[in-house]
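Everything below concerns the one structure shown next.
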Amino acid sequence: MAEGDNNSVYQLAAETASLEEQLQGWGEVILMTDKVLRWERAWFPLALMSVVSFSFLMIYYLDPSVLSGVSCFVMFLCLADYLVPALAPRIFGSNKWTTEQQQRFHEICSNLVKSRRRIVGWWKRLFTLKEEKPKMYFMTMLFSLAVVAWIGQQVHNLFLTYLIVSFLLLFPGLNQHGIITKYVGMAKREINKLLKHKEKKNE
């Protein structure tokens, strides 16, 4: 293994260990959330969507201003940050952690670090594209933002947010159970059929 690869592995391990230490108080909650998001039980998706739907219905009913909504959300995060580390060990019992649970917590932290690295990598590639191919960068950005603006104009903001949040929360379970792979494979086969059919017509 090259020295650069060794450094990358060591850096990944160090970042993962640091994140584990920071999230140690949230360990029990993270493990439970992971089980829910991966649909370890058949009723988890229904429960998840029920909570999300109820939350958005309350937002729709109360119709808070942007400032009030942001303030309440930040207030909720502050309360969770204060209460969860104190109450979670009493509720779940952190002294009962098994080796399997510790390993899963390590995997989750490692995946979070990798995801953060991917996001930073995409951000850097975007700026690299801006420097190397400014015309392509601006055309791509303008087109993408125009599409997003058009979608936002066609769909209600709250409903669009609901769809995005629902998809993000269901994605781990869909991926875990092979549903995404199944439908992506079906889409690829249909596209290949259309391309082959078009080639035959051209011949």
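The values are calculated or read from the model by the stated rules, or taken from the named source; none is laboratory data. What you are looking at is a predicted structure, and each value in this text was computed from that prediction instead of being measured. Virtual Cβ from ideal backbone geometry, glycine too; neighbours counted across all protein chains shown. Ligands, DNA and RNA are excluded from the accessible area calculation, which covers all protein heavy atoms including side chains. Shrake-Rupley method; radii C 1.70, N 1.55, O 1.52, S 1.80 Å.
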(request) Work from the charge dipole of the stretch 53-203 (Cβ charges, +1 for Lys and Arg, -1 for Asp and Glu, about the Cα centre) and give the residue of Ser53, His197, Pro85 farthest towards its positive end. (result) His197
(message) Per DSSP helix of 4 or more residues, -39500 (n - 2.57); summed, then divided by the residues of the chain. What does that give at 222 nm, rounded to the nearest 500?
(response) -30000 deg cm²/dmol
(request) Report ³J(HN,Hα) in whole Hz for each residue of the stretch 37-43, in order, from the Karplus equation J = 6.51 cos²θ - 1.76 cosθ + 1.60 where θ = phi - 60°; Gly and Pro get x. (result) 5, 8, 6, 5, 10, 4, 8
(message) I'd like the Karplus ³J(HN,Hα) series for the stretch 14-31: coefficients 6.51, -1.76, 1.60, θ = phi - 60°, whole numbers in Hz, and an x wherever there's a Gly or Pro.
(response) 5, 5, 5, 4, 5, 5, 4, 5, 5, 9, 4, x, 9, x, 5, 5, 5, 5
(request) With all protein chains present, calculate the accessible area of Lys133 using a 1.4 Å probe and round the result to the nearest 10 Å². (result) 110 Å²
(request) On the protein heavy atoms, probe 1.4 angstrom, tell me the percent of accessible surface of the stretch 25-123 carried by carbon and sulfur. (result) 69 percent
(message) Over the chain, how many pairs of lysines fall under 22 Å by alpha carbon, counting only those 8 or more apart in sequence or from different chains?
(response) 13
(message) With every protein chain left in place and a probe of 1.4 Å, what is the accessible surface of Leu12, to the nearest 10 Å²?
(response) 40 Å²
(message) Accessible area per residue for the chain in Å², computed with a 1.4 Å probe and the full protein assembly in place, what is it?
(response) 80 Å²
